[in-house]
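The values are calculated or read from the model by the stated rules, or taken from the named source; none is laboratory data. What you see is a predicted model, and the numbers here were worked out from it, not measured in a lab. Cβ placement follows ideal geometry from the backbone for every residue including glycine, while neighbour counts extend to all protein chains displayed.
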Amino acid sequence: MNLNKGVNMKFKFHDGGRSNTPFKKKSNLGDCVIRACALATKISYQKVWEDLCDIAKFTGRFPNEHETYEIFLAEHGWIKQRTPRDKNKRMISIIGWEFKKAAVVTCSSHLVFIDNRTVYDTWDCRTRKIYNYYVSHNIPGIK
């Protein structure tokens, strides 16, 4: 698998279901963890938010900290993977990744859901370097 040729990674705006909630502020919320987890698990944005808050109360962490969302993702069958690298062992950008399955991707201060070579997010983060990612083999793709 060549990790540097992926120029066909697409971007599609998706708020993870936030627009279907009573949250007043609709932009720049810093809610990437909730969006990515909602899209990955196909659980409503509101329910993911509540579940992350419950985990945060238990752990003493904030809902958007990696210690919190790692527990949430693990509870839903998502397994953490190592950082993908190019043939020279360098980190790659999302746009250069040729992964075709569903993944929740960690990059600099951000979490995003990718499926079938499409980034689903409220902004285009394809130039960000991938730190690590989570996969699940029992979650069908997003439509």
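What's the number of the condition Gly16 fails, among (1) in contact with a Cys (Cβ under 9 Å, 6 or more places away or on another chain); (2) assigned to a helix (DSSP H, G or I)? Every listed condition holds for Gly16 apart from (2). Across the range 113-134, the number of residues qualifying as aliphatic (A, V, I, L, M) and over 14 Å from Lys42 (Cα atoms) comes to 2. Of everything in the range 27-45 that is in a loop (DSSP other than H, G, I, E, B) and hydroxyl-bearing (Ser, Thr, Tyr), the residue that is farthest from His110 (Cα to Cα) is Ser44. Taking the range 46-143 and the strands (runs of 3 or more DSSP E) fully enclosed by it, the elements with 1 or more residues that are buried (at least 17 other Cβ atoms within 10 Å of the Cβ) are at 103-107, 110-115, 118-121, 130-135.
On the basis of being of a type in the set (Val, Ile, Thr) and under 26 Å from Pro22 (Cα atoms), does Val33 make the cut? Judged against the criteria, Val33 is a match. Scanning the range 53-81 for residues that are of a type in the set (Ser, Thr, Tyr) and over 17 Å from His110 (Cα atoms) yields one hit, Thr59. In the range 99-110 there is no residue that is over 13 Å from the mean Cα position of the chain (by Cα), polar (S, T, N, Q) and modelled with pLDDT under 95.
Checking the conditions here, which among Cys107, Cys53 is hydrophobic (A, V, I, L, M, F, W, C) and out of contact with any strand residue (DSSP E or B) (no Cβ under 9 Å at 6 or more places or on another chain)? None of the other options fit; the residue is Cys53. Residue pairs whose Cβ atoms lie under 9 Å apart, separated by 6 or more positions or on different chains, with the first residue in the range 59-76 and under 17 Å from Tyr133 (Cβ atoms) and the second in a helix (DSSP H, G or I) and charged (D, E, K, R), are Phe72/Asp51.
Kindly establish whether Pro84 is of a type outside the set (A, V, I, L, M) and either more than 23 Å from Gly17 (Cα to Cα) or modelled with pLDDT under 95 (or both). In short, yes.
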